[in-house]
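See structure below.
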């Protein structure tokens with residue numbers, strides 16, 4: 001390969017690398033903004049849960065220990081203490097196929113998915 005062709009290939013490669021770097025930076029910036037939005041939503045959700053728990057305590061005889069015990073009970077309901085909510089597939093009301101919790105419709109027949117709990121909407 002002669003020098004001029006080799007030099008042109010290097011220029012093209014450098015240009016492509018710059019373009020890809022710029023695309024990556026734009027993508028990372030967008031992702032960062034999306035995560036900031038998630039953090040804001042999570043903060044609001046935690047604040048709402050705290051307010052609801054304070055109301056429940058004021059109106060009942062439940063205590064923080066009761067809440068902690070129920071929290072651990074729910075966490076361990078899938079056999080593991082991992083501080084994660086285990087969502088499980090539910091049978092389709094039409095064809096009985098197992099519908100993953102991430103789907104709103106059965107992947108086989110299109111029937112609306114059955115929610116195990118309203119919390120599956122979160």
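Derivation of every value follows stated rules applied to the coordinates shown; laboratory data play no part. All of these numbers come straight from a predicted model, not from anything done at the bench. All Cβ positions, even for glycine, are placed from backbone atoms using ideal geometry, and neighbour counts span all protein chains on display.
Under conditions of 25 °C and 0.890 mPa s, the chain yields 122 µm² s⁻¹ as its translational diffusion coefficient, taking Rh as the Kirkwood radius over Cα pairs in the Stokes-Einstein equation.
Applying 1/(1 + (r/R0)^6) with R0 = 35 Å to the Cβ-Cβ distance of residue 7 and residue 34 gives a FRET efficiency near 0.30.
Does anything in the stretch 81-122 have its amide N under 15 Å from the 7 Å Cα→Cβ label point of residue 56, and if so which residues? From the stretch 81-122, the list is 118-119.
Quickly estimate the mean residue ellipticity at 222 nm for the chain, helices only: each DSSP H run with n ≥ 4 gives -39500 (n - 2.57), and the total goes over all residues, rounded to 500. Show your work: numbers first, answer last.
Details: 2 runs with 69 residues, N = 122.
Dividing the helical sum by the residues of the chain leaves -20500 deg cm²/dmol.
In this rough spin-label picture, where each label sits 7 Å from Cα along the Cβ direction, the residue 96-residue 74 distance is 3.2 nm.
Cα centroids of the stretch 5-46 and the stretch 85-109: 35 Å apart. Relative contact order, percent, of the chain when contacts are C-alpha pairs under 8 Å separated by at least 6 residues? Result for the chain is 10 percent.
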